[in-house]
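The values are calculated or read from the model by the stated rules, or taken from the named source; none is laboratory data. Please read all numbers here as calculations on a predicted model, not as lab measurements. Every residue, glycine among them, receives a Cβ derived from its backbone with ideal geometry; neighbour counts consider all protein chains shown. Heads up: the accessible areas ignore ligands, DNA and RNA and are worked out on the full protein's heavy atoms, side chains in. Shrake-Rupley method; radii C 1.70, N 1.55, O 1.52, S 1.80 Å.
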Amino acid sequence: MGTSSYPGALDNFATTSPTYLADDDTTGRTHSERHDDLEAAVENIEAELGTDPAGASATVKARLDTLDTTVAGKIPATIIDAKGDLIVGTAADTASRLAVGTNGYVLTADSAQSTGVKWAAAATSDPGLVLVAAQSFSAASSVSVNNCFTATYENYRVLLRCSRSTSNVIQYRLRVSGTDSTTNYDLRSAVAAGTNSFTTSALTVQSSGYIQGMSSSDPTWAEMELSSPAIATPTFVSHRASSYVNDISLNLLYHNVSTAYDGITIFPSAGTITGTLRVYGYRNSL
Amino acid sequence: MADVIEIDAATGEVVERDFTPEEVAQREADQAAVQAAAEAQADREAIANLNREAAIAHAKTLGFTDAMIAVMYPNLVEV
């Protein structure tokens, strides 16, 4: 049995005499021993490569070259930057990363995105009120909510609960692009101020609507129903309001301006208010 | 505490700021309008009370009692 260092190491066979092939080599190994060494080396190479190492390729090198090309086209793990990242296609044979979405969001197809998908709030077909905005405030002279009225819903409900720093009347205005409308609020109201009978009144072309027509320093609860504020037609508002002890107000307002409003401002006629304002949209069933 | 709180429902951004000079002027006009409306309402109520008292007095000259007036005109007189 000959001797070979392969595959653990490379062989370095000693030279032989170029004239007398039957002579020993420079290390003293005989001719036959050198044959054995070479045979052992060849057998070790074969064992390392196995049978048919070229596979379907013409040569082992050709097979390795093909493998290099294939590996180069694979998606590396480094494309992922954080937990929850997704690998998405942006075009044929092209991959990209989609960062993880907001908690609770679902993956939604969107051809406008370069990735073809996006994270979005889950859609629902249940009818009912949808909370659009909610804000607590403290000692505010004016509270405005912008971009709460949109084409998403036709009708809206606004709920207000607040305390007052002084005796005042709580008013409101519709607004668009951050500017309040200060004209053409026609109001019809019925107010029961600590009695069992209502006093009615009519105010036309006012600069605002009145959530509660009676001046009071008591806490207030108000429900407002707005019909089509985000459509460029006059807006109807009905609201009920009650203060802590005495006042009950029932109001109908007709805002005779054909403007598509996107927000509302609540403000006291004097002092400040502290409380919570919520805006809901009425979602119709699909 | 700032005068004005503005909330953007689309982005959730909340801005707290003071009134602009224009808003101060509008607020003063609003207060004057509220005062005028309250005074007008008070005037209407005063007139309504006078009319009510006159109606009750006239009904009594005709021999109606408070109970009879209450039946005919609920809320006009307390029984």
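What does the structure give for B:4-17 when I average, per residue, the other chain Cβ atoms found within 10 Å of the residue Cβ? Write out the running numbers ahead of the final one.
Working: counts 7, 13, 10, 13, 8, 14, 7, 2, 2, 2, 2, 3, 2, 1.
Averaged over the peptide's residues, the number is 6.
For the peptide A:264-271, the mean number of other protein chain Cβ atoms found within 10 angstrom of a residue's Cβ is 3.
Each Cα pair under 8 Å and six or more residues apart adds its sequence gap; the mean of these over the residue count of chain A is a relative contact order of 20 percent.
Take each peptide in A:112-122, A:71-81, count the other Cβ atoms within 10 Å of every residue, and average; sorted highest first, the result is A:112-122, A:71-81. Taking the DSSP bridge list for the protein assembly as shown and keeping only pairs wholly inside it, about 95 percent are antiparallel.
Placing dummy labels 7 Å off each Cα toward the beta-carbon, the span from B:F19 to A:A91 is 5.8 nm. Shown in residue order for region A:161-176 are the 3J(HN,Hα) couplings computed by the Karplus curve 6.51 cos²θ - 1.76 cosθ + 1.60 at θ = phi - 60°: 9, 7, 9, 10, 7, 7, 5, 7, 10, 8, 10, 8, 9, 7, 9, 9 Hz (x for Gly and Pro).
Just so you know, the Cα atoms of chain B work out to an Rg and Dmax of 24.6, 71 Å. Counting only Cβ charges, +1 for Lys and Arg and -1 for Asp and Glu, the dipole size of region A:145-251 around its Cα centre is about 100 debye. Couplings 3J(HN,Hα) for region A:254-265, derived from phi with the Karplus relation 6.51 cos²θ - 1.76 cosθ + 1.60 (θ = phi - 60°), are 10, 9, 7, 9, 8, 10, 8, 8, 10, x, 8, 10 Hz, where x marks Gly and Pro.
Using a simple spin-label model with pseudo-atoms 7 Å out from Cα toward Cβ, A:S111 and A:N284 lie 2.6 nm apart.
Normalised by the number of residues in chain B, the mean separation of alpha-carbon contacts (under 8 Å, six or more apart) gives a relative contact order of 15 percent. Note on A:A47 and B:A38: the model spin-label points, each 7 Å out from Cα along the C-beta direction, lie 10.6 nm apart. Of the listed residues A:F236, B:F19, the order by accessible area with a 1.4 Å probe, largest first, is A:F236, B:F19. Using the alpha carbons alone, the radius of gyration of the protein assembly as shown stands to its Kirkwood radius in an Rg to Rh ratio of 1.53.
The calculated FRET efficiency for B:A29 paired with A:T200, based on their beta-carbon distance and R0 = 22 Å, is about 0.30. The count of lysine pairs in the protein assembly as shown whose Cα atoms are under 30 Å apart, excluding pairs fewer than 8 places apart on the same chain, comes to 4.
A cut-off of 5 Å between modelled amide H atoms, ignoring neighbours fewer than 5 places along the same chain, links A:Q171 with A:I211, A:F267, A:S269. Rounded to the nearest whole Hz, the Karplus-based 3J(HN,Hα) values (6.51 cos²θ - 1.76 cosθ + 1.60, θ = phi - 60°) of region B:8-21 follow the sequence 9, 5, 6, 10, x, 5, 10, 10, 10, 8, 8, 5, 7, x, with x at glycine and proline. Counting Cβ atoms of other protein chains within 10 Å of each residue's Cβ and taking the mean over peptide A:126-135 gives 2.
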